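Trainee: Let me begin by handing over the structure; questions about it come next.
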Amino acid sequence: MNRELPLTPQRVLFASSEIASLNGFSEQAEFITTLTSTLSAMEHDVRLIVPAYSWLLSQTDAVIQTSRIRLPGDNREARILQGQAGQSIPLYLVDIPGQFDRPDNRGPEDAIRFGLFSRIVSLMAINQAGINWQPDLLHCSGWQTALAIPLLGGAWSRPATIYSMHEAKHQYCHTEQINALSIPVELLKSGALEMQGRFSFEKGAILMADQLILPSPGYRQELLNDHTLHPLAPLLKKRTDRLTGIPSGIDYQRWSPTTDVHIEQHFDSSSFELKGLNRQRLQSELNLPLDEHDLLIGYLATGRDTSEPEQIASLLQTIAPDTPIHILAAAGENDPALQPLLDSAERFPQRLSVRHATDEARWHRILAGSDCLLMPARHYPSALQAQCALSYGTVPIAHASTSIREIVTDATPANLLHGSASGFLYYKTTPEQLADAISRASTFRAKPAIWWQKLALQGMAQSFHAAETTNRYLQCYQSAIDNPVATPAH
């Protein structure tokens, strides 16, 4: 490996299954899109490789074919198409026949299609994909790209490798899926992918990446302290010297009430009263059964924690009938949370409305128009949703996981007095605790408007600019380049 590199890498290849799109809110997509655009603005040679979903092809202008690759162990050929992400980032789309006609990542064949995608990523990382370009560093984001890192383990010319985890859930695959990928025998014999009769791409990445990144220091602390939170937590603890927690940053051009192109009325801290016009637009657009005194609570389902719909159902049965609240839940068409939420809405139509998150604009309008954002998952790898909500003066109501407490300060009387409060937290994932947090928020909302405005403005005053955390990523990249893993850490 070339060690005579400048202090920061000049060529970085990002591999991801998602980028920010019209499909709604995804923390991984926001992370990858924001970080790549920030690094590109700093004049690094950043390139992005993603699957060629049919919807993405329809939205990407001036796509050209740059190469064709025969899939290992397969008679099919994959095409690599080139377009552009944002204003200046080369975007490579991997088109594998019949694999990426649907956008979601929850089908039984996902191990095969993303395993094939990872094989193409690994070839591109060592300049064997017909692109005539090789990165100094490969950053794989999420399990869908993880196999690329162990595939590169034996390549003498490989770049430095980074793996970042973004989900609390873990994806396994089975023997028949592994066989379909024609993975090298040496890698299979090493045991780097095997987990009690099943296989894990992510395990291989954790064992063999030069550096590992989690999306918040708090989530890093949780995984190291409690091995029951994730099947791979014990492996992470063995690699703490190469494990870093870096908080997410926000693209304030997209997630700010002063510049958001999707909302009805722009506003800032000096014109906070205009936020109410976004609530009115939201109520009219979605035909919400909303009283003017109701606390409007937005909930954005992302498939992160499938227990969240159960918690909302239990909440609706627990909270006092006279508490003036209404929950507006948004979920994608294929989100597993959708049907349980619809069932609850039938039972409590005055308390819960459910709408499809058909495009990104709706997620923005819900954030801008809601009084609060509900975040009831047991664990949050990233607090990005809370950060975005605070930007719009939308007060989080959240389970107090470590990553959330890094961003949100509970509205206790003492914190309100000292001007540090920014949300309503609860510490045990029970319906009673969640109902108590919502009741506190509702009671506080009923006080003179200036009280709520002050609480919201304290959140808006916080800064989560992506540029503020990018240097930490660059430091991690340089460490990966300077201190590569000598041999796979089996």
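Trainee: Give the residues of segment 403-426 that are closer than 19 Å to Q311 by Cβ and β-branched (V, I, T), sorted by residue number.
Mentor: Listed by number, the residues that qualify are I404, V408.
Trainee: Within the group A414, A441, A446, which residue is in contact with a strand residue (DSSP E or B) (Cβ under 8 Å, 6 or more places away or on another chain), over 23 Å from Y219 (Cβ atoms) and small (G, A, S)?
Mentor: Working: A414 fails: in contact with a strand residue (DSSP E or B) (Cβ under 8 Å, 6 or more places away or on another chain); A446 fails: in contact with a strand residue (DSSP E or B) (Cβ under 8 Å, 6 or more places away or on another chain).
After applying the criteria, what remains is A441.
Trainee: Any chance segment 151-162 includes a residue that's farther than 30 Å from R378 by Cα, β-branched (V, I, T) and touching an Asp or Glu at 6+ places or on another chain (Cβ under 6 Å)? Break it down stepwise before answering.
Mentor: Residues of segment 151-162 farther than 30 Å from R378 by Cα: 151-161.
From what is left, the residues that are β-branched (V, I, T) are 161.
Okay, now just the ones that are also touching an Asp or Glu at 6+ places or on another chain (Cβ under 6 Å), so 161.
Yes, segment 151-162 contains at least one residue that is farther than 30 Å from R378 by Cα, β-branched (V, I, T) and touching an Asp or Glu at 6+ places or on another chain (Cβ under 6 Å).
Trainee: Quick check, is Q99 surrounded by fewer than 20 Cβ atoms within 10 Å (Cβ to Cβ) and touching a strand residue (DSSP E or B) at 6+ places or on another chain (Cβ under 8 Å)? Break it down into steps so the answer makes sense when it comes.
Mentor: Working: surrounded by fewer than 20 Cβ atoms within 10 Å (Cβ to Cβ): no; touching a strand residue (DSSP E or B) at 6+ places or on another chain (Cβ under 8 Å): yes.
In short, no.
Trainee: Could you please find all residues in segment 37-55 being of a type in the set (S, T, N, Q) and within 23 Å of F100 (Cα to Cα)?
Mentor: Kept after step one, since they are of a type in the set (S, T, N, Q), are these residues of segment 37-55: 37-38, 40, 54.
Selection gives S54 alone.
Trainee: Can you report the number of residues in segment 453-475 which are part of a helix (DSSP H, G or I) and in contact with a strand residue (DSSP E or B) (Cβ under 8 Å, 6 or more places away or on another chain)? Working first, answer last.
Mentor: We begin by selecting, within segment 453-475, every residue part of a helix (DSSP H, G or I); these are 453-460, 467-475.
Then drop every residue that is not in contact with a strand residue (DSSP E or B) (Cβ under 8 Å, 6 or more places away or on another chain), which leaves 455-456, 459, 472-473.
Residues in segment 453-475 being part of a helix (DSSP H, G or I) and in contact with a strand residue (DSSP E or B) (Cβ under 8 Å, 6 or more places away or on another chain): 5 in total.
Per-residue answers, yes or no, for (1) of a type in the set (D, E, K, R); (2) at pLDDT 90 or above; (3) in contact with a helix residue (DSSP H, G or I) (Cβ under 7 Å, 6 or more places away or on another chain):
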position: S157; (1), (2), (3): no, no, no
position: K169; (1), (2), (3): yes, no, no
position: C173; (1), (2), (3): no, no, yes
position: I183; (1), (2), (3): no, no, no
position: K189; (1), (2), (3): yes, no, no
position: S200; (1), (2), (3): no, yes, no
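Trainee: So which residues in segment 367-392 are surrounded by fewer than 24 Cβ atoms within 10 Å (Cβ to Cβ) and either among the acidic types (D, E) or over 14 Å from L300 (Cα atoms) (or both), if there are any at all?
Mentor: Of everything in segment 367-392, those that are surrounded by fewer than 24 Cβ atoms within 10 Å (Cβ to Cβ) and either among the acidic types (D, E) or over 14 Å from L300 (Cα atoms) (or both) turn out to be D371, R378, H379, S391.
Trainee: Hey, another quick one. If you take the residues of segment 325-381 that are part of a helix (DSSP H, G or I) and within 17 Å of the chain's Cα centre (by Cα), which of them is nearest to P431 (Cα to Cα)? Quick ask: steps written out before the conclusion?
Mentor: So the first thing to find is which residues in segment 325-381 are part of a helix (DSSP H, G or I), and the list is 338-347, 360-369.
If we keep only those that are within 17 Å of the chain's Cα centre (by Cα) too, we end up with 360, 363-364, 367.
On the way: E360: 30, W363: 26, H364: 28, L367: 24 Å.
Once the filter is applied, the top-ranked residue is L367.
Trainee: Okay, next question. Given the conditions (1) part of a loop (DSSP other than H, G, I, E, B); (2) modelled with pLDDT under 95, and given that Q265 satisfies all but one, which numbered condition is not satisfied?
Mentor: So Q265 meets the others, but not (2).
Trainee: Can you tell me which residue among H293, H262, H326 is farther than 30 Å from T161 by Cβ and exposed (fewer than 14 other Cβ atoms within 10 Å of the Cβ)?
Mentor: H293
Yes or no, residue by residue, for (1) within 23 Å of W363 (Cβ to Cβ); (2) of a type in the set (G, A, S); (3) outside the structural domain of G369 (by TED's automatic domain parsing):
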{"site": "V395", "(1), (2), (3)": "yes, no, no"}
{"site": "T412", "(1), (2), (3)": "no, no, no"}
{"site": "T430", "(1), (2), (3)": "no, no, no"}
{"site": "L434", "(1), (2), (3)": "yes, no, no"}
{"site": "F444", "(1), (2), (3)": "no, no, no"}
{"site": "K447", "(1), (2), (3)": "no, no, no"}
{"site": "I450", "(1), (2), (3)": "no, no, no"}
{"site": "R472", "(1), (2), (3)": "no, no, yes"}
{"site": "Y477", "(1), (2), (3)": "no, no, yes"}
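Trainee: Taking strands (runs of 3 or more DSSP E) that fall entirely within segment 123-224, which contain at least 2 residues that are of a type outside the set (A, V, I, L, M)?
Mentor: Working: elements: 137-141, 160-164, 211-214.
Those strands (runs of 3 or more DSSP E) span 137-141, 160-164.
Trainee: Just for segment 432-490: of the residues that are surrounded by 15 or more Cβ atoms within 10 Å (Cβ to Cβ) and of a type in the set (V, I, T), which one is nearest to E202 (Cα to Cα)?
Mentor: V485
Trainee: A follow-up question, please. Just checking, which of H166, H139, H174, H170 is within 18 Å of I213 (Cβ to Cβ) and surrounded by fewer than 17 Cβ atoms within 10 Å (Cβ to Cβ)?
Mentor: Numbers: H166 fails: surrounded by fewer than 17 Cβ atoms within 10 Å (Cβ to Cβ); H139 fails: surrounded by fewer than 17 Cβ atoms within 10 Å (Cβ to Cβ); H174 fails: within 18 Å of I213 (Cβ to Cβ).
It is H170.
The values are calculated or read from the model by the stated rules, or taken from the named source; none is laboratory data. Everything quoted here is computed from the prediction, not taken from an experiment. Cβ sites come from the backbone with ideal geometry, for glycine too, and all protein chains shown count toward neighbours.
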